[in-house]
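Quick notes on the structure that follows.
The values are calculated or read from the model by the stated rules, or taken from the named source; none is laboratory data. Bear in mind that the values here come from a model prediction, so they are computed numbers and not experimental data. Ideal geometry is used to build each Cβ from the backbone, glycine not excepted, and the neighbour counts take in all protein chains shown.
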Amino acid sequence: MKHRLNIAKQPAVIRTATRFALIVGPVLVMINHGDTIVAGEMTTVDWLKSALTMLVPYTVSTLSSISAYMSCQSNTDNNSN
């Protein structure tokens, strides 16, 4: 688990995940809450849900990066034997 967290904290992983969150997150927010945003009817709970929605692409990107890093390390370890 500690190894995975160290990968997740790498600047390249954070940059990539942030880019994905800033691109995909607003699209998801508009799909899920666009009508209430346009109508001006967003509640505090809706805004909290929107913030959580923005975390989804960040989390998916980070988990993908962790998986890719670990797969590459595993392949490197297997090739060196």
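Look at VAL45 and say whether it is touching a Ser or Thr at 6+ places or on another chain (Cβ under 6 Å) and either part of a helix (DSSP H, G or I) or loosely packed, with under 13 Cβ neighbours inside 10 Å (or both). Spelling it out, it is not the case that VAL45 is touching a Ser or Thr at 6+ places or on another chain (Cβ under 6 Å) and either part of a helix (DSSP H, G or I) or loosely packed, with under 13 Cβ neighbours inside 10 Å (or both).
Name the residues in the stretch 14-42 that are of a type in the set (A, V, I, L, M, F, W, C), assigned to a helix (DSSP H, G or I) and more than 15 Å from VAL56 (Cα to Cα), would you? Within the stretch 14-42, ILE37, VAL38, ALA39 meet the criteria.
Could you list, in sequence order, all residues of the stretch 38-81 that are modelled with pLDDT under 95 and more than 24 Å from ALA17 (Cβ to Cβ)? Listed by number, the residues that qualify are ASP77, ASN78, ASN79, SER80, ASN81. MET54 meets the conditions (1) over 15 Å from SER65 (Cα atoms); (2) exposed (fewer than 15 other Cβ atoms within 10 Å of the Cβ); (3) of a type outside the set (Val, Ile, Thr) in every case but one. The failed one is (2). Scan the stretch 60-77 for residues that are without any contact (Cβ under 8 Å) to a residue 24 or more places away in the chain, hydroxyl-bearing (Ser, Thr, Tyr) and surrounded by 13 or more Cβ atoms within 10 Å (Cβ to Cβ) and the total you get is 1.
Residues considered: ALA39, ALA21, ALA17, ALA8. Of these, the only one that is exposed (fewer than 15 other Cβ atoms within 10 Å of the Cβ) and without any contact (Cβ under 8 Å) to a residue 60 or more places away in the chain is ALA39.
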